[in-house]
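The values are calculated or read from the model by the stated rules, or taken from the named source; none is laboratory data. On a predicted model such as this, the values are computed, not experimentally measured, just so you know. So basically every Cβ, Gly included, is an ideal-geometry build from the backbone, and we count neighbours across all protein chains shown. These area figures cover heavy atoms from the full protein model, side chains too; ligands, DNA and RNA do not enter into them. Shrake-Rupley method; radii C 1.70, N 1.55, O 1.52, S 1.80 Å.
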Amino acid sequence: MDDDWYRNKKWNNRIECVFKGKLEKSGSAKVQYLKIQASYLVAKKPEVALRLIEYARAIKEDDFWEQELCLYESKCLYNLKENVKALEKVYESIEWRRKKSNVQTDNIYWLAELVLRQKKNLSIKSALVS
């Protein structure tokens, strides 16, 4: 647990307190730990992941992690059924990839998956209406 304090798959008040305590002592890697922890909570706790992303943006010293923060934010928004915002964020992530091409993420693949999921949902809705 001590080595993976920033890789919690579950989240509750106790875990949050331990996480915050260790984050405060983590030195210059705070944004990276916040980003990693957010990535573990995207599916099951998207609201918490969004809070962590917001905090990471507030304390970051540069834009190095912005591409991934936008990607995880997009996934959170999708899980919260905010599909238009999810698409906007994945496009923003791709724009960051153009600026910082040395940082590789799966944002291109997520864009394709997101579009296909939305088309599938539209097809199902139109089939139900017919």
(request) Taking CYS17 as meeting all but one of (1) of a type in the set (A, V, I, L, M, F, W, C); (2) in contact (Cβ under 8 Å) with a residue 12 or more places away in the chain; (3) assigned to a helix (DSSP H, G or I), write down the number of the exception. (result) (2)
(message) Within the range 16-30, does at least one residue satisfy the condition of being more than 14 Å from the chain's Cα centre (by Cα), open to solvent by less than 80 Å² (accessible area, probe 1.4 Å), over 20 Å from ILE108 (Cα atoms) and acidic (Asp, Glu)?
(response) yes
(message) Out of GLU82, GLU73, GLU88, GLU54, I need the residue that is open to solvent by 20 Å² or more (accessible area, probe 1.4 Å) and over 13 Å from LEU114 (Cβ atoms). Which one?
(response) GLU54
(request) Determine whether GLU73 is part of a helix (DSSP H, G or I) and at pLDDT 95 or above. (result) yes
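Answer with yes or no whether VAL42 is open to solvent by less than 60 Å² (accessible area, probe 1.4 Å) and under 15 Å from ASN8 (Cα atoms).
Yes: the conditions hold for VAL42.
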(message) Exactly one condition in (1) touching a Phe, Trp or Tyr at 6+ places or on another chain (Cβ under 6 Å); (2) farther than 15 Å from GLU16 by Cα is false for TYR78; which is it?
(response) (1)
